[in-house]
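Chemist: Structure in structure tokens, see below.
The values are calculated or read from the model by the stated rules, or taken from the named source; none is laboratory data. Worth saying up front: this structure is predicted, and the values here are computed from it rather than measured. FYI the Cβ positions are ideal-geometry reconstructions off the backbone, even for glycines, and counts take in every protein chain you see. Accessible surface is based on the protein model in full, side chains and every heavy atom, while ligands, DNA and RNA are left aside. Shrake-Rupley method; radii C 1.70, N 1.55, O 1.52, S 1.80 Å.
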Amino acid sequence: MSDIIGKKEMEKAYNPAAAEAKWYAFWQEKGYFTPKIDKSKKPWVCIMPPPNVTGALHQGHAMFVAAEDAMTRYHRMLGEPTLWLPGSDHAGISGETVVEKLIWKESKQTKNDLGREAFLQRVWQWMDEYRDVIVQQLEVLGASADWTRKAFTMDPPRQRAVRVAFKRLFDEGLIYRAARIVNWCPGSMTVISDLEVDMVEELGSLWYIRYPVKDQPGRFVTVATTRPETMLGDTAVAVNPKDTRYTDLVGQMLTLPLMNREIPVVADDGVDASFGTGAVKTTPGHDPLDFEIGQRHNLPIINIMNPNATINENGGQYVGLDRFEARKQIVADLEREGFLVKVEPYTHNVPYSERAGVVVEPLVKEQWWVKIKPLAQPALEAAYKGRVKFVPDRFKKIYTDWMENLHDWAVSRQLFWGHRIPIWYCDNCGNVEATDEESLAACGKCGHSDQLRQDPDVLDTWFSSGMWPFSTLGWPDQTEDLAYFYPGSVMETAPDIIFLWVARMIMFGIHFMGDVPFHTVYLHGLVRDEKGEKMSKSKGNVVDPLENVREFGSDALRFTLLTGSTPGVDIKLSRTRLTDSRNFANKLWNATRFISLSGLEGLEYQPATLSADLPLADRWIISRYSQVVKDTSRMMENYQLGEAGRALYDFLWGEFCDWYIEVSKLRLNSPDPATKQASQQVLVGVLEGALRLLHPFMPFVTEELWQNLPHSGESLIVALWPEANDQIDLAAVSQFEALQEVIKGIRNAKSEAKVESKRVAAIIVAKPELKTLFEQQAESVTRLAGVEASQLQIFDAAGLPEAPRQALSFVTAGATVYLPLAGMLDLAVERSRLAKEIEEVQKEIEKAERTLSNASFVDRAPVAVVAKERERLAANQEKLSRLEQRLQELATV
RNA sequence: GGGCAGUUAGCUCAGUUGGUAGAGCGCCACGCUUACACCGUGGAUGUCAGAGGUUCGAGCCCUCUACUGCCCACCA
């Protein structure tokens, strides 16, 4: 690959598309994404959050690729065996729904028409077709994941792992069956977890209904409700025991309107006397609070709804009606019969199913539950003791707060698609047992095999996801992968699945593996549109990452996402920022192009090395480079990816291109081949190193450019991350800064005074210790500041024959500079400009004097800070005297 | 009802051990200096949301307030 050096001329602008495809294929072919297991080294491991098979690639995926791939590439370059393990998720409910819709479209059949077996066959067919689509799209983004280890949450090894885990929990008594109130989604016809319920604030109504007191004609208890249809299942009315309004009614019976059932008045602390009428109609079968009250008072539970949310046979005359239809009907009937007292508009939270978008119905169902306390306790401790850290740190509290108040986990789902619950019932002897085999051969109790049936439900999709950090490595088998790569290092994901996923991985990891699955949880922010709104299909503001890649390049998208925010903070993705990043890639391209155009044939690669005999600019850029190595290394270790990216941007563009390349043009043009080559050596050395630093952020363009430069090794992806070696020459840095100050000053003066001629004359009166410096750097000054070489004079203060009067002038820390401009100068303007500058410097001096005259500052501030303040004062005083002197020179004209 | 973030130049955002405020875009003015107009040079713009406090010193720490956003929560 490196034979292109010097042979093929680089295009004028960078073309990402061609380079990206080329290098990704190259990396793949070389197998760089697959780590070599080396037991003498500690591996670095990141298990990729598996995208849903049913999803389309969105910016969240681009975000996680940007972050995870950057970390992966960084660690790979540190020489660690680095595993980034990809896969996909079968996506429980949404997987089932997608195929249901498809079948309906194809043949107007429901999944029940087809039956479980046929339906699952169809799902598998679909999954096989689409399973890897999303994952393959991650390649376009440059994901250097180990595709040889790719897993699927429903593939046979994972199915077996789930059965083993379930059986273990069951045998340990951590899984049990119970009838409780659960969230029923009438759209998907399954139970869903609290986390899958969205509370949506809606304007509804509060209906006040009166229930006649039995045997006391004309007396009523009025209740208030937002869901009048649930009254069909009322089995009591509850009041607060301290509520004197109802004291005499507690224990009495009421007649339930429309149903003509008798129900008791019970006293319960859970009732808030100040709300509504203080009396609550109690429907244990359809409301969580009522369920609790029912438990306490032994109230019967009446289920009035079918799974599709129509009223069932317990709903009397309303049987068959949809719940909202029934609501209307019931309200009308209550009104007609005189039971409706009043209706108030009422804003309240209505639970919606996140998946199906319909109103969730709380109802009592028998489900399988995971006893959570024994799992949560160690998982909490892991966070408290820092065995799992969160980036940013504040998410630790969000995690622990939730874990402390965790309820048992309902894991069964009434779906076909998913891990079938490995529980078998023996109808011969009534035995219930779990198995880790695909099916149970014979009842473990009575030995019969002819009356066994498996539980019809499947597991919550997060059950298998929770096992992902070790199921992907071969668990329950003691594989080499599992032994070597578990526990992993970093879990990188979005904050919205801390509870659904991260918490479960930590619990399962500790329980099944005896150790946390990762030591760090890195949370990225949500990607929003330019206005800061959440991207969603319905809003039509979704920006396809692949579209961005086509337009700006994968590197640009990734760099934008990483440098655009800090961890845990949402990022607005704007076209201007994408453009900036693309321009940055192009800038690097052209810097490299410039260097190659100078002719690199025969130049041997050698890393940038500081040495005292190098020219000032070289010592400066190498020092700056070393500082950047140090800074970015520290930032990468601290997960400050954005900061590191920005530091590299500033260095490469603002220092390397803007200054170093410009200065180096002098030596590149030298007739002396040795001079030219020495210059190339440093140009290449620094750029090559900086490309290594940038590689995790912009993998493609850096590889492309690196290959175009002399280098050592086969590919940048496996090159070593530069070592922080402290090659920093502080004197060179400050000298170069003095030079920059003079050059900027001349440019500024010319621009301000609107000097027409490109080349001007200049007289630099340097501080004695800097005179030689400026003499040596005369060419840099003439070239970068636009000074006529023959008209540049350099003196020290003593050597200056006479200060030119007809001249612009300015003062830097190291020199006073005159730009003689006979006849072109308005001395009055120049004087007032100087006066203004003097005023500013005086202000600085006053401020410093004030600070330094403060005894407690001198006493208490660190020595270095005080010294710095003193230096500043002295420098400004010295500057002031030179400014005043100049003003005086002009005054005598 | 609790909790957590954000509020810094016209716009988008940086600013981790508290030490005289930064970048890009945009804007204005120059500019084909043989890498780059996806460019170069120069310039303007900020009581760092408001009010207190701690400190020699606060964008950064503490308290309160305002606005914006997010998360959690069984008031029918």
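Chemist: Relative to a virtual label point 7 Å from the Cα of A:Glu438 in the Cα→beta-carbon direction, which members of segment A:138-160 show backbone nitrogen distances below 16 Å?
Modeler: Only A:154-160 pass the distance filter.
Chemist: For chain A, with the dipole built from +1 on Lys and Arg beta-carbon atoms and -1 on Asp and Glu ones, taken about the Cα centre, which of A:Tyr130, A:Leu852, A:Ala67 lies farthest toward the positive end?
Modeler: A:Leu852
Chemist: Using only Cα atoms, figure out Rg for chain A and give it as a multiple of 2.2 N^0.38 Å.
Modeler: The reported ratio for this selection is 1.28.
Chemist: Taking a ≥ b ≥ c as the square roots of the eigenvalues of the Cα gyration tensor of segment A:101-205, is the shape rounded (a/c under 1.5), prolate (a/b larger than b/c) or oblate?
Modeler: Numbers: a/c = 1.45, a/b = 1.20, b/c = 1.21.
Rounded.
Chemist: Nearest 10 degrees, 0 to 90: what angle lies between the long axis of helix A:827-853 and the longest principal axis of chain A (Cα atoms)?
Modeler: Helix A:827-853 sits at roughly 60 degrees to that axis.
Chemist: List the aspartates and glutamates whose Cα sits under 16 Å from the Cα of A:Lys12, skipping any in the same chain fewer than 8 residues away.
Modeler: Cross-link targets: A:Glu704.
Chemist: Quick check on segment A:442-499: take the gyration tensor over C-alpha atoms, sort the square-rooted eigenvalues as a ≥ b ≥ c, and tell me if it's rounded (a/c under 1.5), prolate or oblate.
Modeler: Verdict is oblate for segment A:442-499.
Chemist: What ³J(HN,Hα) values, in whole Hz, does the Karplus curve 6.51 cos²θ - 1.76 cosθ + 1.60 give for segment A:42-48 when θ = phi - 60°, with x put for Gly and Pro?
Modeler: Residue by residue, segment A:42-48 yields 7, x, 10, 10, 10, 8, 6 Hz.
Chemist: Report the gain in length on full extension from A:Glu601 to A:Ile398: 0.36 nm times residue separation, minus Cα-Cα distance, nm rounded to one decimal. Walk me through the numbers before you get to the answer.
Modeler: On the way: separation 203, 0.36 × 203 = 73.08 nm, distance 5.83 nm.
Going from the current span to full extension adds 67.3 nm.
Chemist: Using a 1.4 angstrom probe and counting only protein chains, how large is the accessible area of A:Leu363 in Å², to 10?
Modeler: About 0 Å², ignoring ligands and nucleic acids.
Chemist: Take A:Glu714 and A:Arg870, extend 7 Å from each Cα along the Cα→Cβ direction, and tell me the distance between the two endpoints in nm.
Modeler: It works out to 6.0 nm between the two label points.
Chemist: Let me ask something else. Leaving out same-chain residues fewer than 8 places away, which aspartates and glutamates sit with a Cα under 15 Å from that of A:Lys868?
Modeler: A:Glu844, A:Glu849, A:Asp859
Chemist: A:Arg805 to A:Ala674: FRET efficiency via 1/(1 + (r/R0)^6), r the Cβ-Cβ distance, R0 45 Å, to the nearest 0.05? The partial results should precede the final answer.
Modeler: On the way: r = 45 Å, r/R0 = 1.00.
It comes to 0.50.
Chemist: Right, here's the next one. How far is helix A:395-404 tilted off the main Cα axis of chain A, in degrees rounded to 10, range 0 to 90?
Modeler: Tilt of helix A:395-404: around 20 degrees.
Chemist: For segment A:424-475 and segment A:84-114, what is the separation of their Cα centres, given in Å?
Modeler: Distance between centres, Cα-based: 23 Å.
Chemist: How much solvent-accessible surface does A:Arg831 expose, in Å² to the nearest 10, with a 1.4 Å probe and all protein chains in place?
Modeler: Accessible surface of A:Arg831 is approximately 80 Å².
Chemist: Between the alpha-carbon centers of segment A:850-893 and segment A:354-379, tell me the distance in whole angstrom.
Modeler: So the separation of the two Cα centres works out to 69 Å.
Chemist: Hey, another quick one. Along the charge dipole of chain A, which of A:Ser536, A:His407, A:Ile794 sits closest to the positive end, that is, farthest toward it, with unit charges on the beta carbon of Lys, Arg, Asp and Glu (+1, +1, -1, -1)?
Modeler: A:Ile794
Chemist: At what distance in nm do the modelled label points of A:Asn303 and A:Lys12 sit from each other, each positioned 7 Å from its Cα along Cα→Cβ?
Modeler: 7.5 nm
Chemist: Want the number for A:Glu262 to A:Glu530: 0.36 nm per residue separation, take away the alpha-carbon distance, what's left? Walk me through the intermediate numbers first.
Modeler: Values: separation 268, 0.36 × 268 = 96.48 nm, distance 6.00 nm.
Residue separation times 0.36 nm, minus the Cα-Cα distance, leaves 90.5 nm.
Chemist: Hey, with R₀ at 35 Å, roughly what FRET efficiency would A:Asp496 and A:Lys847 work out to, going by the Cβ-Cβ distance, to 0.05? It would help to have the intermediate numbers written out before the result.
Modeler: Details: r = 48 Å, r/R0 = 1.38.
Computed FRET efficiency for A:Asp496 and A:Lys847: 0.10.
Chemist: Which value, in debye to the nearest 20, describes the size of the charge dipole of chain A about its Cα centre when Lys and Arg Cβ atoms bear +1, Asp and Glu Cβ atoms bear -1, and nothing else is charged?
Modeler: 860 debye
Chemist: How high is the FRET efficiency between A:Glu878 and A:Glu752 when r is their beta carbon distance and R₀ equals 25 Å, given to the nearest 0.05?
Modeler: Rounded to the nearest 0.05, the efficiency is 0.60.
Chemist: On to the next question. Label segment A:703-762 by shape, choosing from rounded, prolate and oblate, from the square roots a ≥ b ≥ c of the eigenvalues of the Cα gyration tensor; if a/c is under 1.5 it is rounded, and otherwise prolate applies when a/b is larger than b/c, oblate when it is not.
Modeler: On the way: a/c = 4.79, a/b = 2.09, b/c = 2.29.
Here segment A:703-762 falls in the oblate category.
Chemist: Report the Cys residues of chain A lacking a disulfide-compatible partner, meaning no second Cys Cβ under 4.7 Å from their Cβ.
Modeler: If one checks each Cβ against the other cysteines of chain A, A:Cys46, A:Cys185, A:Cys657 turn up with nothing under 4.7 Å.
Chemist: What whole number of Å gives the distance from the Cα centroid of segment A:611-685 to the Cα centroid of segment A:293-353?
Modeler: 74 Å
Chemist: While we're here: Using alpha carbons only, how many degrees (0 to 90, rounded to 10) separate the axis of helix A:92-107 from the longest principal axis of chain A?
Modeler: Compared with the principal axis, the helix lies near 70 degrees.
Chemist: Still on this structure, please answer the following. So what is the calculated 222 nm ellipticity per residue for chain A, using -39500 (n - 2.57) for each DSSP H run with n of 4 or more, over all residues, to the nearest 500 deg cm²/dmol?
Modeler: Helices in chain A give a 222 nm mean residue ellipticity of -13000 deg cm²/dmol.
Chemist: Here is a follow-up. Roughly what would the spin-label model give for A:Glu354 and A:Phe857, points 7 Å off Cα along C-beta, in nm?
Modeler: Reported label-point gap for A:Glu354 and A:Phe857 is 5.5 nm.
Chemist: Another one. In chain A, if the dipole is taken from +1 on Lys/Arg beta carbons and -1 on Asp/Glu beta carbons about the Cα centre, which of A:Pro81, A:Ala442, A:Val432 is farthest to the positive end?
Modeler: Going by the Cα projections, it comes out as A:Pro81.
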